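What follows draws every value from the coordinates through simple rules; no lab data is involved. No experiment lies behind these values; they were computed from the predicted model shown. Cβ atoms come from the backbone with ideal geometry, glycine included; neighbour counts cover every protein chain shown.
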Amino acid sequence: MTKINYMNPYFYIFGTLLFTVYGQIVLKWRLSQLGSLPEGVKDKLLFLIKALLDPFIFSGFVAAFVASLCWMAAMTHFEITKAYPFMSLSPALVFIIGVLFLGETFTMGKVIGLLLILLGIIVTVKY
């Protein structure tokens, strides 16, 4: 059985990805339930306050903060040119989760684009 090594620097990149994707998915999910941003300034302000007080949306902001902490930790171990390409995995993960759980559209153009991103990650990190 493999033991997870929390001291592995790639764990910080994984944490950055995980918390970034979580935050984006939760924000989209809850905001789609709250509806569109109203027209009037006062109504917009009330809508945004209500959204900020939503526990799930608040957890998305907390996740963004935790992702920032993970990224800071990763930056102490990697050159940015080696670590940052991994952040390109976020659109792929958001795409898959969005299609599976949020009913987002699935198109071959998106799949081809994501495959090109993955190829770019491999080339950038490996060479």
Is it the case that some residue within region 81-95 is closer than 23 Å to I122 by Cβ, over 18 Å from the mean Cα position of the chain (by Cα) and among the β-branched types (V, I, T)?
yes
Among the residues in region 86-95, are any of a type in the set (A, V, I, L, M, F, W, C) and exposed (fewer than 14 other Cβ atoms within 10 Å of the Cβ)?
no
Residues that are of a type in the set (V, I, T), at least 3 per element: which helices (runs of 4 or more DSSP H) completely within region 1-79 meet that?
9-34, 55-75
Restricting to region 35-65, name every residue that is surrounded by 13 or more Cβ atoms within 10 Å (Cβ to Cβ) and among the acidic types (D, E).
D54
Check on G103, farther than 20 Å from N8 by Cβ, of a type outside the set (A, V, I, L, M) and within 18 Å of the chain's Cα centre (by Cα):
yes
